[in-house]
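Participant: Can you keep this structure in mind? I'll have questions shortly.
The values are calculated or read from the model by the stated rules, or taken from the named source; none is laboratory data. None of the values given here were measured: they were computed from a predicted structure. As a convention, Cβ positions derive from the backbone with ideal geometry for all residues, glycine included, and neighbour counts pool all protein chains shown.
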Amino acid sequence: MKKIALLSTSFVLLGILLFVYRMFNKPHTNVKENKAYEHLSAEQLFYFFNRNEDSAMVVFSDQIIQVTGTLLTKDLSNELEPQITLKTNINNGFIRCGFKPNELKNIAKLKDSSTVKIKGICKGMNGDDELTLLEDKDIILSSSIIIE
């Protein structure tokens, strides 16, 4: 009886260790080489999240999506993760796109108020109706690239 319990415990521990190892060593998503799950305007993407964040997270969370919108701001102060913000037709609603450092030159070339296409991994919405500290709401895209 002790052998069965010991053997069962060993298999469970081995399974847990294998799972943890695979999670920490899984390959990163290559945004450039993978197709976008969905092509949306900044307004459409924000509308989906603003209307029902939970259902939008089910559809878009960790998916590569392509967003077209008007450039509002560029933030190049953090060279490790430069960011741009796309405006939407909703006050205090934005699409915030984080980039890898190798995209810094492409971001610097963008002109304010120009229309840009961005492809990135959707991470969800920042901001909360119940928090008064955050007036703005933004949808976060990470590992973004500029589509030309």
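Participant: Only one of (1) within 16 Å of the chain's Cα centre (by Cα); (2) over 20 Å from Ile139 (Cβ atoms) is not met by Thr9, so which one is it?
Facilitator: Condition (1) is where Thr9 drops out.
Participant: Please indicate, with yes or no, whether at least one residue in the stretch 49-65 is assigned to a loop (DSSP other than H, G, I, E, B) and charged (D, E, K, R).
Facilitator: Yes, the stretch 49-65 contains at least one residue that is assigned to a loop (DSSP other than H, G, I, E, B) and charged (D, E, K, R).
Participant: Looking at the stretch 13-48 only, could you name the residues that are exposed (fewer than 10 other Cβ atoms within 10 Å of the Cβ) and assigned to a helix (DSSP H, G or I)?
Facilitator: Arg22, Met23, Phe24
Participant: Residue check, Ile4 against (1) surrounded by fewer than 18 Cβ atoms within 10 Å (Cβ to Cβ); (2) in a helix (DSSP H, G or I); (3) at pLDDT 90 or above; (4) not aromatic (Phe, Trp, Tyr), all met but one. Which one?
Facilitator: (3)
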